[in-house]
Amino acid sequence: MILLKDVPEEEITRLILKHAMEDWINYVKSDVIIVGAGPAGLTAAYYLAKAGLKTLVLERRVTVGGGMGGGGNLFHKLVVASPANEILDEIGVRYEKVGDGVFILDSVQMIGKLLSAASDSGAKIFLGVDVEDIIYRENPLRIEGVVCIWSAVPIAGLHVDPIALKARAVVDATGHDAEILNVVAKKIPESNLKLLGEKSMWAPEGEKFVVEKTCRVLPGLYVAGMAVNALFGGPRMGPIFSGMLLSGRKVAQLIISDLRGH
Ligand code: 48H
């Protein structure tokens, strides 16, 4: 006989609603909102939250990891090159050294460890949330937050008005589609933002490019991960993830320094 405590149905519902609402209300205003829980977004979330910034990650899917889960062509492995192994060591990912500065690891282990690192350091992650627009102000032009809706709403084709969340910094970590940057380029002409589009594969160049070009795009708006290459016309690199991790760390360092005013 198992002594399992009875929790009635309405109590389960009450607890979920009460605590979810508390979290949402707490996060109507954050220091940083990261759009996308792929490798770049989760790495950024880890370093930002670890530095004590109130960090919210919004992810459209009900899973995290972005492109990591698919490994390479669904084979469950990812390649990482130095110095990104520093990040693997810091968050405790198991890997095998397969060459000078080259490492191989299991994609699911990577997702689990990165998620734990971000979550344990205090980042809040909301799943099933689609960011469809941004909040802006003029004179001077700045981005002040995001506009979001449950992902199920656009999938169902419903006309439902979204809600808005504010942040001192917003990070586009949406991957190949650079969705937030595309919204800004289309809807805020005075931003003068133009996306050059990602180029075909050149792995070593793509990896360097993504880290070098990770930046603040406009006041309040930053870019990390594959969205960087979509913005500046950098090549893709296939299933090697050093650039994504280092880009996530770099964007966090930029934001920490900007928000602390040095
Ligand atoms: C909420 C959104 C929205 C939105 C997208 O694709 P990702 O893994 O992105 P990165 O940049 O962290 O990593 C890229 C890497 O996975 C990759 O694709 C590589 C290295 N490709 C090389 C190659 O040659 O192909 O994650 C982005 C996440 C996803 O989970 C999306 O669901 C999510 O962002 N997302 N979430 N609102 N509007 N748009």
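The values are calculated or read from the model by the stated rules, or taken from the named source; none is laboratory data. Given the structure is predicted, the values throughout are model-derived calculations rather than measurements. Positions of Cβ are generated from backbone atoms using ideal geometry, with glycine treated the same way; all protein chains shown enter the neighbour counts. The area values use the complete protein model at the heavy-atom level, side chains included, leaving out ligands, DNA and RNA. Shrake-Rupley method; radii C 1.70, N 1.55, O 1.52, S 1.80 Å.
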Query raised in the report: Name the pairs whose Cβ atoms lie under 8 Å apart, with the first residue in the range 235-262 and under 21 Å from Glu144 (Cα atoms) and in contact (Cβ under 8 Å) with a residue 40 or more places away in the chain, the second assigned to a helix (DSSP H, G or I) and among the polar types (S, T, N, Q), and 6 or more positions between them or separate chains?
Result: Gly248/Thr43; Ala252/Thr43
Report summary line: Counting only helices (runs of 4 or more DSSP H) entirely within the range 29-132, those with at least 2 residues that are in contact (Cβ under 8 Å) with a residue 40 or more places away in the chain, of a type outside the set (Asp, Glu) and within 14 Å of the ligand (Cβ to nearest atom) are 39-50, 107-120
Requested in this report: Mind listing just one residue for me: the one in the range 243-261 that is open to solvent by 10 Å² or more (accessible area, probe 1.4 Å) and among the small types (Gly, Ala, Ser) and, of those, farthest from the ligand (Cβ to nearest atom)?
Outcome: Gly261
Query raised in the report: For Glu212, all conditions in the list (1) outside any strand (DSSP E or B); (2) touching a residue at least 24 places away in the same chain (Cβ under 8 Å) hold save one; what is the number of the exception?
Result: (2)
Report task. Only residues that are within 7 Å of the ligand (Cβ to nearest atom) and surrounded by 24 or more Cβ atoms within 10 Å (Cβ to Cβ): list them for the range 225-242, please. Result -> Gly225, Met226, Ala227, Phe241
Query raised in the report: Among the candidates Ile2, Ile16, Ile25, Ile12, which residue alone is away from the ligand (no atom under 16 Å from the Cβ), open to solvent by 60 Å² or more (accessible area, probe 1.4 Å) and at pLDDT below 95?
Result: Ile2
